[in-house]
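Q: Below are the structure tokens for one structure; questions will follow.
The values are calculated or read from the model by the stated rules, or taken from the named source; none is laboratory data. Every value quoted in this text rests on a predicted model; they were computed, and no experiment measured them. No Cβ is skipped: glycine too gets one built from the backbone with ideal geometry, and neighbour counts run over all protein chains shown. Just so you know, the surface numbers come from the protein's heavy atoms only, side chains and all, with ligands and any DNA or RNA stripped out. Shrake-Rupley method; radii C 1.70, N 1.55, O 1.52, S 1.80 Å.
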Amino acid sequence: MYGNDFVDPDEALNAAETGDYEAALSQHAEGGLDRGEGDDASFDALIARDLRIEPRDAMPEEYRETLIRQIAQHAHSEIIGMQPEGNWITRAPSLRRKAILMAKVQDEAGHGLYLYSAAETLGVDRAELLDRLHSGKQKYSSIFNYPALTWADAGAIGWLVDGAAIMNQVPLCRCSYGPYGRAMIRVCKEESFHQRQGFEILWSLMQGTEEQRAMAQDAVNRTWWPALMMFGPPDTGEAATTGGHTEQSMAWGIKRFSNDDLRQKFVDMTVPQAQKLGLTLPDPDLRWNAETGHWDFGAVDWGEFWQVVKGNGPMNAQRLAHRVRAHEEGAWVREAATVHAAKRARGARQEVAA
């Protein structure tokens, strides 16, 4: 696994390598979230016992709509997220790097497919979700509206962006909605590879020339704060009363931790890794707090976050235009695949009839 040459292989580099993920994996394998025969299958009873809701179960419309919104945004983020790094495949510095990056971008496409499939179990059509994305009615993660200016960005995206994504996604392995939770089991394991390859890229650059080290530091400077924004706006303390979805999503077992708790866990895990790499995180307020046992960090610029969400980020227009163009140019592929599938289905029916 990438990164083992540079750190203790027993040291977790991301949340998918911690006990939290192992516990979720074990619970999944043992059916710990699945109901038994004779269990009360009503929605409230299943939620109260921390058991999974399945597609055929009755569920409140608000629960269904919340899941569609969240899963769709997650799926959109996976396919839009292919663009920043995909742009570097032809310019990667070696054949090995090209192969790794192609595998990673391909994984992201696969994650999008898992997630759109999970959303479809809620009765929404994938084409409708894509229409909502292309029209701007649904969003994707704001992090992908920033440019990847140098090869070092591939490292920063892997290390920080995928690291933040994993911290968000490991708790989703225990999501109350079965298809979403099961999809996350595989996604998190693959994302762990992505984060480690990003760490390795930055490690290699930091062992290089002064120019390479400066390039790595610049990429981290530009990525750090948008990565912290990935957890969403504050939702604890006074912010808990200003709206948002956290309280209800936690009551339904969709979310397990607040945005602020996950952000803190990410900072605590990432600071020692930055020290190992020899990189400086661009926060003058970053310091260890012995009383709390956590790293204190500076204020996130939520004004910038909301501007990007509203479509005013550096790459919003380009990312969405590229996505729409690719979708339109790929229409003939989808049509051909549909015709081919129908032909095979007719052949299978005729064979059975014979």
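Q: Would you please name the residue that is modelled with the lowest pLDDT, looking only at residues in the range 27-68 that are exposed (fewer than 11 other Cβ atoms within 10 Å of the Cβ) and either among the aliphatic types (A, V, I, L, M) or within 30 Å of Val271 (Cβ to Cβ) (or both)?
A: Here the answer is Ala29.
Q: If I ask for residues that are open to solvent by less than 50 Å² (accessible area, probe 1.4 Å) and farther than 23 Å from Arg132 by Cα, which ones from the range 72-104 would you list? Working first, answer last.
A: So the first thing to find is which residues in the range 72-104 are open to solvent by less than 50 Å² (accessible area, probe 1.4 Å), and the list is 72, 74-81, 83-86, 88-89, 92, 94, 97, 100-101, 103-104.
Hits for the range 72-104 are Glu85, Gly86, Trp88, Ile89, Ala92, Ser94, Arg97, Ile100, Leu101, Ala103, Lys104.
Q: Related question: Do you know which of the residues in the range 135-144 that are open to solvent by 40 Å² or more (accessible area, probe 1.4 Å) and of a type outside the set (Ser, Thr, Tyr) is nearest to the chain's Cα centre (by Cα)?
A: Lys139
Q: Testing Glu328 on (1) open to solvent by 40 Å² or more (accessible area, probe 1.4 Å); (2) assigned to a helix (DSSP H, G or I); (3) at positive phi, one condition comes back false. Which one is that?
A: Condition (3) is where Glu328 drops out.
Q: Among (1) open to solvent by 40 Å² or more (accessible area, probe 1.4 Å); (2) assigned to a helix (DSSP H, G or I); (3) closer than 27 Å to Phe199 by Cβ, which single condition is Val339 missing?
A: It fails just one condition, (3).
Q: Looking only at the range 2-15, decide whether some residue is at pLDDT below 90, open to solvent by 40 Å² or more (accessible area, probe 1.4 Å), within 30 Å of Ala274 (Cα to Cα) and among the polar types (S, T, N, Q).
A: Yes, the conditions are met somewhere in the range 2-15.
Q: Follow-up question, since we're still on this one. Only one of (1) small (Gly, Ala, Ser); (2) at pLDDT 95 or above; (3) within 28 Å of Trp302 (Cα to Cα) is not met by Gly237, so which one is it?
A: The one condition Gly237 does not meet is (2).
Q: Considering Ala251, Ala299, which residue is surrounded by fewer than 13 Cβ atoms within 10 Å (Cβ to Cβ) and within 19 Å of Gln169 (Cα to Cα)?
A: Details: Ala299 fails: within 19 Å of Gln169 (Cα to Cα).
Of Ala251, Ala299, the one residue that is surrounded by fewer than 13 Cβ atoms within 10 Å (Cβ to Cβ) and within 19 Å of Gln169 (Cα to Cα) is Ala251.
Q: Here is a further query. Specify which of the listed residues (Ala214, Ala227, Ala239, Ala219) is farther than 23 Å from Tyr146 by Cα and hydrophobic (A, V, I, L, M, F, W, C).
A: Checking each option against the conditions leaves just Ala239.
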